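The next block holds one structure in the form of structure tokens; read it before the comments.
The values are calculated or read from the model by the stated rules, or taken from the named source; none is laboratory data. Everything quoted here is computed from the prediction, not taken from an experiment. Methodologically, a virtual Cβ is constructed for each residue, glycine included, from the backbone with ideal geometry; neighbour enumeration extends over all protein chains shown. Keep in mind that these areas ignore ligands, DNA and RNA; they rest on the heavy atoms of the full protein, side chains included. Shrake-Rupley method; radii C 1.70, N 1.55, O 1.52, S 1.80 Å.
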Amino acid sequence: MAKHVAVLAVNPVNGMGLFQYLENFYEHKIDYTVFAVAPTVGIHANCGIALQANATIDQLKGQADRYDALVFSCGDAVPVFQQHASEPHNVALFEVIREFAGKGKLLIGHCAAAMMFDLAGVCGGRRVAVHPLAKPAIQKGVATDEPFEIDGPVYTAQTEHTLPLLMPAVLKALA
């Protein structure tokens, strides 16, 4: 049976990271749906390219059983996240992360994804790779200096530049 992945894209999203996931999933025949962590499906890549997600994060709530994994594609929105944490789409982001973790789904991400997983309370002592600037924010997980980490269902890469090192394990897990 084909795997199905929910891909979260913040606004603006890191295009290099997002496109690595999508290209790999497409090439390996892994179905995916892109959800904008935004009020609308219209988002942008950090290079300015306009993108249209398939749906918004609100439409993913309560749908974890339909997916095998959740991917958090980081972006330039994360450094200013604290200023917008109470906005409905960001509240929904944490609800969705907790829902997927509670169902034992794979949690995959790069850059500050581990920080978001940690803030959602789903890292619980797991080793995570995280962008060096986000490393001090990890409170419940164990932030490492490794280019990527796999600890149980949590797959993290330090940056979009180390994501290619993690992708073979992600693809194997979703095969």
Which percent of the accessible heavy-atom area of the chain goes to carbon and sulfur, probe 1.4 angstrom? 53
Would you mind telling me which residue in 107, 165, 60 has the biggest mean-square fluctuation in a Gaussian network model of the chain, where springs connect alpha carbons within a distance under 10 angstrom? 165
Apply the a/c threshold of 1.5 to the C-alpha gyration tensor of segment 50-107 and tell me whether it is rounded, prolate or oblate. prolate
Given springs between every Cα pair under 10 Å in a Gaussian network model of the chain, which of 23, 160, 99 has the largest fluctuation? 23
So, for segment 21-175, what is the accessible surface per residue at a probe of 1.4 Å, expressed in square angstrom? 47
Residue 19-residue 49 pseudo-label distance in nm [points 7 Å out on the Cα-to-Cβ vector]: 0.3
Distance between Cα centroids, segment 8-59 to segment 86-110: provide it in whole Å. 15
Just for the chain, what percent of DSSP beta bridges are antiparallel, to the closest 5? 25
Select from 110, 28, 44 the residue whose mean-square fluctuation is largest in a Gaussian network model of the chain (Cα-Cα springs shorter than 10 Å). 28
